[in-house]
There are 2 protein chains.
Amino acid sequence: MGSIERIMNVARRVAKWHAAGHRMVVVPSAMSGETNRLLGLAAEISDRPDGRELDMIAATGEQVSVGLLALALKQVGVDAISFAGWQVPVRTDAAHTKARISAIDGERVHRELDAGRVVVITGFQGISDSGDITTLGRGGSDTSAVAVAAGLGAEECLIFTDVDGVYTTDPRVVPEARRLPRITFEEMLEMASLGSKVLQIRSVEFAGKYKVKTRVLSSLTSPDIPIDEEAASGTLITFEEEESMEQAVISGIAFNRDEAKITVMNVPDRPGIAYQILGPVAAANIDVDMIIQNQSVNGTTDFSFTVHRNEYQRAIEVLEREVRGMIGAGEIVGDPRICKVSAVGIGMRSHVGIASLMFRTLSDEGINIQMISTSEIKISVVIEDKYMELAVRALHKAFELEESGDKIAG
Amino acid sequence: MGSIERIMNVARRVAKWHAAGHRMVVVPSAMSGETNRLLGLAAEISDRPDGRELDMIAATGEQVSVGLLALALKQVGVDAISFAGWQVPVRTDAAHTKARISAIDGERVHRELDAGRVVVITGFQGISDSGDITTLGRGGSDTSAVAVAAGLGAEECLIFTDVDGVYTTDPRVVPEARRLPRITFEEMLEMASLGSKVLQIRSVEFAGKYKVKTRVLSSLTSPDIPIDEEAASGTLITFEEEESMEQAVISGIAFNRDEAKITVMNVPDRPGIAYQILGPVAAANIDVDMIIQNQSVNGTTDFSFTVHRNEYQRAIEVLEREVRGMIGAGEIVGDPRICKVSAVGIGMRSHVGIASLMFRTLSDEGINIQMISTSEIKISVVIEDKYMELAVRALHKAFELEESGDKIAG
């Protein structure tokens, strides 16, 4: 939520759904810039602030939002009540600044809904078993919304965001990108995890795990547009592969510019080596994305993985300090100037030739592929980051995503 | 607390006391301007915002402060942990925006103190029996500090504020005003309730009720001054009348510019009439200060009282709507342009002539006294507000408060 004006718009939008007979729970984000302001204050004091205290500070952004939204709802004539995460309670583990929701007790919320109120709950935060405030990390409000929807058994979760749905790729990179009226949960998961910033990956995981029907809608439309029209806009994340979806081989091209690759050379090829390399990295709380280990030659292999670019230096340090000598590996090399581009589509399962079209397209553009990783519904390649836009545009065109009619069948 | 720089200064000050072996609990206020900013956001949405939601919003100011102060303490090498009021818990009644503390559970705090940590607790707020966040009203951080000190059985409560102690009167009005090294709890109570803004009246009440030795100190001195020197500065609020204090007849001149007076004329003089007049006023949550009812003449009397100037209009409305007709009273008249000036002193108990000196002094200056009210240790008069400074200066001089030697014995 941005300004007070925007909060009033949210209130009018919620009031419209409420008036149509829906029992509404709303999970607003912090006001625009507020979380950054709060983290900035902490950063002025310490460059490695304690996670528990950071959560204490950062959680206030959403607390202000829920209070203001409840006031705004009352102002437009809707009875409303706000709750902080600990009041619901939204229970999480104790991993401060990146906690995970473990359970949501819906009793108090249902009581308020039964009384005809709209319930406004802080996103992004919960309470640990020791009674401390935890936060879920950036974008945690989406995750909270889906988790609350799951916890309360909601019929549908509407995510209002600053885009009007999920696109075949980022329209800022490919102007011809097209909004997908529906996408399956699995595709959405790949799109989100690959850097399409519409929804936080963990909110999609939650939606999948608890089968929460989730609709991505634009918060930029007038709050007063008819409900039917609003519900038909955006992108619905579904759990059934429908007839019509069989046609779509590739749903979109996702990309992620914030990656860095690291290779541990000449790793002895023996059982447990992957754990010996990645265990200390995980213990340092560094998330690893792609992992590639090739066939060994002469009893050794090269072990590669990607991490977020911000953690590149720290990951290298961990490997040098805790891994290399221990396992008798060779040099550790890396490159923070890479990106990942992926083609995602559930139809890929039953179609061959997708990979070869992807590789040929990149080759035609003179782009060297550094790493490849595939799953049932996506193919990802790591390339030099300066080629990212070019690669996305070329693939978007090659898979004919700009047209809303037939899709290519490989 | 003002800026980050100021938070770092507080941390250094606390670290100094901690290093000297004191077990420290710190109750910081919100950062300068923050509470106003938050209430301003709410005011943009509603001109009569719901109290529960207002508390949800306003409580975040202190929550940010405790997190930042805990980070700052760690930064200067002191282990620290922050708690919001609900985590302690600090229990209050459910009177949102002006809640009163009912109990403080010290168990968790003591556990952290035992572990050698400094505990930082949000002031100004607590949790009601229904699990809602409550706030204690403006200045509630002082009250919280004293309440926490009482609840935990602290040896002493240090209140760091932007003045260096309690003065014989406001130095902005009388430059010769003198800092009192000690003041009794009763005197402090009268000084505070009469508008000396050093401490919130409720913090003084708490200090008295639970006999918390409280010291008012300046937050503007260097955080690094020696502890002995710091402890000797400021004003100590004591509970024993000591030998030396017998001498002081008047400790100070207090005043309050924010008052308004209201008189209900020709009230039938019968039992219960005071309640019939003030009951509806109290029910409208309007605090009444001075109450004066004179001897009746011909079976009717005039009933006067003072309220905060901001509530003057509302109080008149309540009286017109709910009281006048019901009790068969005459006209309701009032004046928002008055002030109250008081002479306060525990020595007054055993000295006569204080009142006459006070009245003569005001008369010599040509100031008309509109109302008089007295207690064992204070005499208050209501006068036209434009004479306030003149009256305070004249009384300060008449009672020879500018000299630190002998006091007048009336």
Condition test on A:T35, is it of a type in the set (S, T, Y), at pLDDT below 95, closer than 30 Å to B:V76 by Cβ and not in a loop (DSSP other than H, G, I, E, B)?
-> yes
Residues of segment B:66-79 satisfying the condition of being more than 7 Å from chain A (Cβ to nearest Cβ) and free of Cβ contacts under 8 Å to residues at least 40 places away in the same chain = B:D79
Can you find a residue in segment A:323-331 that is over 28 Å from A:P268 (Cα atoms) and among the small types (G, A, S)?
-> no
Would you mention how many residues in segment B:110-126 are in contact with a strand residue (DSSP E or B) (Cβ under 6 Å, 6 or more places away or on another chain), of a type outside the set (G, A, S) and either crowded, with 22+ Cβ neighbours inside 10 Å or part of a loop (DSSP other than H, G, I, E, B) (or both)?
-> 7
A:G123 being more than 24 Å from the chain's Cα centre (by Cα) and modelled with pLDDT under 95 | no
Selection count, segment B:184-222, where residues are part of a loop (DSSP other than H, G, I, E, B), among the charged types (D, E, K, R) and surrounded by fewer than 16 Cβ atoms within 10 Å (Cβ to Cβ) | 2
State which residue is surrounded by the most Cβ atoms within 10 Å (Cβ to Cβ) when the search covers only segment A:1-24 and only residues that are within 12 Å of another protein chain (Cβ to nearest Cβ) and under 20 Å from B:L39 (Cβ atoms).
-> A:A11
Across segment B:153-183, the tally of residues that are of a type in the set (D, E, K, R), part of a strand (DSSP E or B) and under 16 Å from B:I253 (Cβ atoms) stands at 1
Pick from B:S102, B:S82, B:S130: which is within 12 Å of another protein chain (Cβ to nearest Cβ), more than 25 Å from A:S46 (Cα to Cα), free of Cβ contacts under 8 Å to residues at least 60 places away in the same chain and out of contact with any Cys (no Cβ under 8 Å at 6 or more places or on another chain)?
-> B:S130
Which listed residue is within 24 Å of the chain's Cα centre (by Cα), outside any helix (DSSP H, G or I) and surrounded by 14 or more Cβ atoms within 10 Å (Cβ to Cβ), from A:A315, A:A260, A:A329 = A:A260
Among the residues listed as B:I253, B:I225, the single one being modelled with pLDDT of 90 or more and either under 30 Å from B:T135 (Cβ atoms) or outside any loop (DSSP other than H, G, I, E, B) (or both) | B:I253
For segment A:155-166, the count of residues that are modelled with pLDDT of 85 or more and out of contact with any Leu (no Cβ under 7 Å at 6 or more places or on another chain) equals 3
Is it the case that A:V382 is in contact with a Lys or Arg (Cβ under 7 Å, 6 or more places away or on another chain), at pLDDT 90 or above and not in a loop (DSSP other than H, G, I, E, B)?
-> yes
Under 6 Å between Cβ atoms, at least 6 apart or on separate chains: pull out the pairs that start in segment A:25-45 with a residue that is within 11 Å of chain B (Cβ to nearest Cβ) and end on any residue that is assigned to a loop (DSSP other than H, G, I, E, B) and of a type outside the set (V, I, T).
-> A:M31/A:M1; A:A42/A:P49
State all residues of segment B:177-214 that are basic (K, R), modelled with pLDDT of 80 or more and in contact with a Ser or Thr (Cβ under 7 Å, 6 or more places away or on another chain); if no residue qualifies, say none.
-> B:R178, B:R179, B:R182
Reported set for segment A:280-292 where residues are touching a helix residue (DSSP H, G or I) at 6+ places or on another chain (Cβ under 7 Å) and surrounded by fewer than 17 Cβ atoms within 10 Å (Cβ to Cβ) is A:A284, A:V288
Go through the residues of segment B:271-278 one by one and say whether even a single one is of a type in the set (A, V, I, L, M), modelled with pLDDT of 85 or more and in a strand (DSSP E or B).
-> no
Quick one: B:E62 ticks every box in (1) in contact with a Ser or Thr (Cβ under 7 Å, 6 or more places away or on another chain); (2) surrounded by 24 or more Cβ atoms within 10 Å (Cβ to Cβ); (3) more than 11 Å from chain A (Cβ to nearest Cβ) except a single one, so which number is it?
-> (3)
Could you say which residue among B:R324, B:R309 is crowded, with 16+ Cβ neighbours inside 10 Å, of a type in the set (D, E, K, R) and touching a Pro at 6+ places or on another chain (Cβ under 6 Å)?
-> B:R309
Would you mind stating whether A:I292 is touching a Gly at 6+ places or on another chain (Cβ under 7 Å) and either assigned to a helix (DSSP H, G or I) or farther than 25 Å from A:R172 by Cα (or both)?
-> no
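The values are calculated or read from the model by the stated rules, or taken from the named source; none is laboratory data. Just so it is clear, the model here is predicted, and its values are computed rather than measured. Glycine also receives a Cβ, built like all others from the backbone with ideal geometry; neighbour counts cover every protein chain displayed.
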